[in-house]
Amino acid sequence: MRAEYSTKIFGKQCPVRDSGYSGEGGDGVAVTMRQIADEAGVSASTVSQVLNGRGGFSHAVAERVLAAARQLGYRHKNRARLGADRVLRRIGLVMAGNASIVARPFYASLLVGAGAECAAMDMTITYCPVSDPSGVARLGDAGVDGLVLAGYLAPELEAQLAALRLPAVVVNNRPSLPADRVVFDDAEGGRLAARVLLRHGHRRLAVLHDSLHRGVLHDRIAAFRAAVTDSDPHAEVETHEVPPNGDLPGSGYEVALAALGRPNKRGGGAARGGTHDSANGSAQGRRPHGQSELPTGVFCTSDRIALGALKALWDLGRPVPGSVSVVGFNDFEAAAHANPPLTTVRADMELMGRVAVRRLLERAREPEQPPMTVQIGVSLVERGSVGPAPGRPTKEGSDGDATPATKQLEDQDN
């Protein structure tokens, strides 16, 4: 059985699942959205968003709305049924390490979406950072009965979590163990980034990326290379790995200093090559040190890295987009306020959180299903960080349309 999901994304309709709320109070008297809105001090449209799990609001607002709904006796129309057959009550959002969710803006959005979906289904969710077996053991003590595993987890940590025998869904990563996954269309994201740079005439390109332990990054980078090769086999793509630095914005700064410029009066750093090759990967070596050979188009596999690259380019005296163009991936809130505003591939983490919870419920109800992958579409958001390559004309056309928003694929390798 395939789960069907319910939302609108990038203007495209997807199958819809009912949120399960009605407007009837505990005494049978209708409770209106306006009453809840007045009690919570928000708009009726915000109440509708919260109660239907659509996202676009903070945790504080969601808590206020839900508290007001409870106070007025607002009831889940399926509460009696859920009380009888609901299989999950508390979900743990598990990530490796001990960092606060505040230091992980990408995954904070995931938690907002998952929290909204849990609230709509009369469940709770807890952020659970784990770094060792004792952290895994504490999940049981916390009363968690389902897991959303976010980002990269070492294989030994995955095995310890699997030993808990709880229903689990992996998001934004390829697990080493058979499991349901919710991922973005990372390959399309890489293609969109390549196309916008190619359309503006860039042929000396660089990719700044996190550790390739996260398999989804392979898809982004491979698709980026393939799109470049298809357009111009002689174009060059060099890749540079960003050392682990938590999830703080700007972590690509030092690598960008080295990869994208040379020392000058406004900044340090040397032009050091990572992996430098033609787009089809036929040659490798260190990039020549001449300024004319520096990349003019940069794809950062996260906005976190891109923000660091923008600052590095400023310190190097390389104007963006006059001298070099930058494309990110995620569309953090900060991306629109960068200087210049960042062109990026939009990946909706709140939607990913909502879909992960829905998939987890399906897994808990039908544990014998084969592992399933849910893929969420991405789109290009063009802002001010991409312009014509120096001395090259820009091709006409736009690559900003979204891909089909949500498509599901049953894993064939289980």
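Tabulated data for the structure shown
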read-out	value
Residue match in region 320-329 (condition: hydroxyl-bearing (Ser, Thr, Tyr), in contact with a Gly (Cβ under 6 Å, 6 or more places away or on another chain) and under 20 Å from residue 258 (Cβ atoms))	yes
Yes/no for residue 367 being surrounded by fewer than 18 Cβ atoms within 10 Å (Cβ to Cβ) and under 21 Å from residue 94 (Cα atoms)	yes
Flag for residue 249 being surrounded by fewer than 18 Cβ atoms within 10 Å (Cβ to Cβ) and either at pLDDT 90 or above or not polar (S, T, N, Q) (or both)	no
Filtered residue count, region 155-201, keeping only those that are over 22 Å from residue 348 (Cβ atoms) and in contact with a Ser or Thr (Cβ under 9 Å, 6 or more places away or on another chain)	9
Cβ pairs under 6 Å, 6+ apart, first in region 228-244 and under 21 Å from residue 200 (Cβ atoms) and assigned to a strand (DSSP E or B), second at pLDDT below 95 and charged (D, E, K, R)	238/287
Residue within region 356-365 that is of a type outside the set (S, T, N, Q), in a strand (DSSP E or B) and either more than 14 Å from the chain's Cα centre (by Cα) or closer than 25 Å to residue 113 by Cα (or both) present	no
Qualifying residue in region 94-101 (condition: modelled with pLDDT of 85 or more, surrounded by fewer than 21 Cβ atoms within 10 Å (Cβ to Cβ) and either β-branched (Val, Ile, Thr) or over 15 Å from residue 358 (Cα atoms) (or both))	no
Qualifying residues in region 188-219 (those that are of a type in the set (Val, Ile, Thr) and assigned to a helix (DSSP H, G or I)) - the one farthest from the chain's Cα centre (by Cα)	196
Residue that is within 30 Å of residue 235 (Cα to Cα), surrounded by fewer than 18 Cβ atoms within 10 Å (Cβ to Cβ) and touching a residue at least 60 places away in the same chain (Cβ under 8 Å), where the choices are 203, 199	199
Residues being surrounded by 24 or more Cβ atoms within 10 Å (Cβ to Cβ) and assigned to a helix (DSSP H, G or I) - total across region 342-351	2
Tally of residues being over 26 Å from residue 89 (Cα atoms) and either at pLDDT 95 or above or under 21 Å from the mean Cα position of the chain (by Cα) (or both) across region 335-355	12
Filtered residues of region 109-141 (kept if crowded, with 17+ Cβ neighbours inside 10 Å, in contact with a helix residue (DSSP H, G or I) (Cβ under 7 Å, 6 or more places away or on another chain), more than 26 Å from residue 303 (Cβ to Cβ) and without any contact (Cβ under 8 Å) to a residue 40 or more places away in the chain)	136
Single residue of 144, 148, 112 found to be on the phi < 0 side of the Ramachandran plot and part of a strand (DSSP E or B)	148
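The values are calculated or read from the model by the stated rules, or taken from the named source; none is laboratory data. These figures come from a predicted structure and were not determined experimentally. Note that each Cβ is placed from the backbone with ideal geometry, even for glycine, and that neighbours are counted across all protein chains shown.
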